[in-house]
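Quick note: the coordinates plus some simple rules give every number you see, no bench work behind them. The shown structure was predicted, so the numbers you read here are calculated from the model rather than taken from an experiment. Backbone-built Cβ (ideal geometry, glycine too); neighbour counts: all protein chains shown.
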Amino acid sequence: QKEVEQNSGPLSVPEGAIASLNCTYSDRVSQSFFWYRQYSGKSPELIMSIYSNGDKEDGRFTAQLNKASQYVSLLIRDSQPSDSATYLCAVNTFASGGSYIPTFGRGTSLIVHP
Amino acid sequence: DTGVSQDPRHKITKRGQNVTFRCDPISEHNRLYWYRQTLGQGPEFLTYFQNEAQLEKSRLLSDRFSAERPKGSFSTLEIQRTEQGDSAMYLCASSLGDLNTEAFFGQGTRLTVV
């Protein structure tokens, strides 16, 4: 069973702080990694993708990947109350039929308080 | 709007009835995924199509569930003899091309079985 693990939280940070969200995965052949944001009652929205070891920055968001440690993280700088949501880590994992399927963690709830 | 479209948005059905959901992917996307999500959990993979071929199906998927994607365009997901445990958000996502491309979600169909 290919797994993606996230701490369910909630992670509570003050407005303006850096929020750090973490994810580990079990499938060593995975090559594609994604972060989605999901507001309550809504569907997941893609915010970042990362494919190579290291950091990738997009605005206030930075994704970090370490394939050797099978670890992905998302940093949100200058956190805003509007960032309060559940953040889902997704990893393309190799399935039994030979396809790569996005496999999701259970998500980390982030609360940014004023 | 050229995003993924799902219909209906909400469905309430009595236990034992059959229900069918529709997903229209982004027009040029050849890959289509169905997921199920319950409260506090990440999306759980159900099935995957590449064009019209159903290439992956979760082993957790009951034989009451069936999906089609005729002509590689829209897809339908049918649940026969619904049970209260089928109550969930059913999400459709699509992506283009190779395994590294991002998947985009529709707004989901929320099913309530009473």
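Being within 14 Å of chain B (Cβ to nearest Cβ) and either among the polar types (S, T, N, Q) or touching a residue at least 12 places away in the same chain (Cβ under 8 Å) (or both) narrows it down to one of A:Ile101, A:Ile111, A:Ile50, so name that one. Give the steps one after another, and end with the answer.
Details: A:Ile101 fails: either among the polar types (S, T, N, Q) or touching a residue at least 12 places away in the same chain (Cβ under 8 Å) (or both); A:Ile111 fails: within 14 Å of chain B (Cβ to nearest Cβ).
Of A:Ile101, A:Ile111, A:Ile50, the one residue that is within 14 Å of chain B (Cβ to nearest Cβ) and either among the polar types (S, T, N, Q) or touching a residue at least 12 places away in the same chain (Cβ under 8 Å) (or both) is A:Ile50.
The one condition from (1) touching a strand residue (DSSP E or B) at 6+ places or on another chain (Cβ under 6 Å); (2) surrounded by 14 or more Cβ atoms within 10 Å (Cβ to Cβ) that B:Glu78 does not meet is (2). The lone criterion from (1) under 16 Å from B:Ala103 (Cα atoms); (2) free of Cβ contacts under 8 Å to residues at least 40 places away in the same chain; (3) hydrophobic (A, V, I, L, M, F, W, C) left unmet by B:Leu91 is number (2).
What is the residue count in segment A:1-42 for residues that are among the hydrophobic types (A, V, I, L, M, F, W, C) and farther than 23 Å from A:Arg60 by Cβ?
Here is the first cut: in segment A:1-42, the residues among the hydrophobic types (A, V, I, L, M, F, W, C) are A:4, A:11, A:13, A:17-19, A:21, A:23, A:29, A:33-35.
Within this subset, residues satisfying the condition of being farther than 23 Å from A:Arg60 by Cβ are A:4, A:29.
Residues in segment A:1-42 being among the hydrophobic types (A, V, I, L, M, F, W, C) and farther than 23 Å from A:Arg60 by Cβ: 2 in total.
Those strands (runs of 3 or more DSSP E) of segment A:29-114 in which at least 1 residues are surrounded by fewer than 19 Cβ atoms within 10 Å (Cβ to Cβ), considering only elements entirely within it, cover A:45-50, A:54-58, A:61-66, A:71-76, A:85-94, A:108-113. Only one of the listed residues (B:Leu32, B:Leu60) is farther than 19 Å from B:Val113 by Cα, under 10 Å from the mean Cα position of the chain (by Cα) and either among the hydroxyl-bearing types (Ser, Thr, Tyr) or within 14 Å of chain A (Cβ to nearest Cβ) (or both). That residue is B:Leu32.
For segment A:1-29, a residue qualifies if it is within 13 Å of A:Gly105 (Cβ to Cβ) and of a type outside the set (D, E, K, R), and the qualifying residues are A:Val4, A:Gln6, A:Asn7, A:Ser8, A:Gly9, A:Leu21, A:Asn22, A:Cys23, A:Thr24, A:Tyr25, A:Ser26.
Residues are listed down the side, and each one gets a yes or a no for (1) touching a Ser or Thr at 6+ places or on another chain (Cβ under 8 Å); (2) of a type in the set (A, V, I, L, M):
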| site | (1), (2) |
| --- | --- |
| A:Pro10 | yes, no |
| A:Ala19 | yes, yes |
| A:Asn22 | yes, no |
| A:Asp27 | yes, no |
| A:Leu46 | no, yes |
| A:Lys56 | yes, no |
| A:Phe94 | yes, no |
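Output the residues belonging to segment B:1-40 that are closer than 27 Å to B:Asp98 by Cα and of a type in the set (S, T, N, Q). B:Thr2, B:Ser5, B:Gln6, B:Ser27, B:Asn30, B:Gln37 - these are the residues of segment B:1-40 that are closer than 27 Å to B:Asp98 by Cα and of a type in the set (S, T, N, Q).
Remark: B:Leu46 falls outside the filter, which requires a residue to be assigned to a strand (DSSP E or B) and facing another protein chain (nearest Cβ under 8 Å). Out of A:Phe94, A:Phe33, which single residue is touching a residue at least 60 places away in the same chain (Cβ under 8 Å), within 12 Å of chain B (Cβ to nearest Cβ) and not β-branched (Val, Ile, Thr)? Exactly one of A:Phe94, A:Phe33 is touching a residue at least 60 places away in the same chain (Cβ under 8 Å), within 12 Å of chain B (Cβ to nearest Cβ) and not β-branched (Val, Ile, Thr), namely A:Phe94.
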